[in-house]
Ligand SMILES: [Zn+2]
């Protein structure tokens, strides 16, 4: 079964487009968390952030920022969240990278709970070492 976002981008399924650029498109999420909740989607099918070219990454991020400004100026948002869910365990439902632009109007309308707690210094250093090896 073909990716639903690829089908939307081909015009096989409808979308409420808000902006189109050379390498990406912004359209409304059909299940908005708030009014104006928009998805910025690269035209090329990639699943993970690291698969984007530099040009694609720059364009996706720039368009997300522009959509956010429109949410403020046109919809009256007081703030905006940007997020990417990567991998099923992280909540990625469609396996085609998409950046959520979620305008915020009032505190408490969305809850993102991270349950952060202070870590031991030795553990932080072990994790940092491991990540540095992956980034060499
Ligand atoms: Zn796709």
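Laboratory data are not the source of any read-out in this text; all were calculated from the coordinates shown. The structure presented is a predicted model; accordingly, all values stated were derived computationally and were not measured. Because the Cβ atoms are built from the backbone with ideal geometry, glycine has one as well, and the counts that use them run over all protein chains shown.
If you average the sequence gap of Cα pairs under 8 Å that are 6 or more apart and divide by the length of the chain, what percent do you get for the contact order? Walk me through the intermediate numbers first.
Details: 171 pairs, mean separation 31.7, N = 136.
Value for the chain: 23 percent.
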## Note on the structure
When 29, 55 are arranged by how many other beta-carbons sit within 10 Å of their Cβ, fewest first, they go 55, 29
### Query
If you find the alpha carbon centre of the stretch 87-119 and of the stretch 42-71, how far apart are they in angstrom?
17
### Query
Considering the chain as a Gaussian network with a 10 Å cut-off on Cα pairs, which listed residue, 21, 74, 126, attains the greatest mean-square fluctuation?
126
### Message
If I build a Gaussian network model for the chain, linking alpha-carbon pairs within less than 10 angstrom, which residue out of 61, 39, 13 has the largest mean-square fluctuation?
### Response
13
### Query
Order of 82, 5 from fewest to most other C-beta atoms within 10 Å?
82, 5
## Note on the structure
With Cα coordinates, the longest principal axis of the chain makes an angle with the long axis of helix 54-75, in degrees rounded to 10, of 60
#### Entry: Value in Å of the Kirkwood radius, where the chain supplies the Cα pairs that are averaged
16.6
### Task
For the chain, set up a Gaussian network in which alpha carbons nearer than 10 Å are linked by springs, and say which option among 113, 123, 56 fluctuates the most.
123
### Query
Going by a ≥ b ≥ c, the root eigenvalues of the Cα gyration tensor, does the stretch 76-122 fall in the rounded group (a/c under 1.5), the prolate group (a/b larger than b/c) or the oblate group?
oblate
#### Entry: Nearest 10 degrees, 0 to 90: helix 121-135 Cα axis against the chain principal axis
60
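Considering every pair of different Cα atoms, what Kirkwood radius, in Å, is found for the stretch 39-85? Could you put the intermediate results ahead of the total?
Working: mean 1/r = 0.0854 Å⁻¹.
Computed over Cα pairs of the stretch 39-85, the Kirkwood hydrodynamic radius comes out at 11.7 Å.
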### Message
In the stretch 33-54, whose amide N lies under 15 Å from the spot 7 Å out along Cα-to-Cβ of residue 135? List them in ranges.
### Response
50
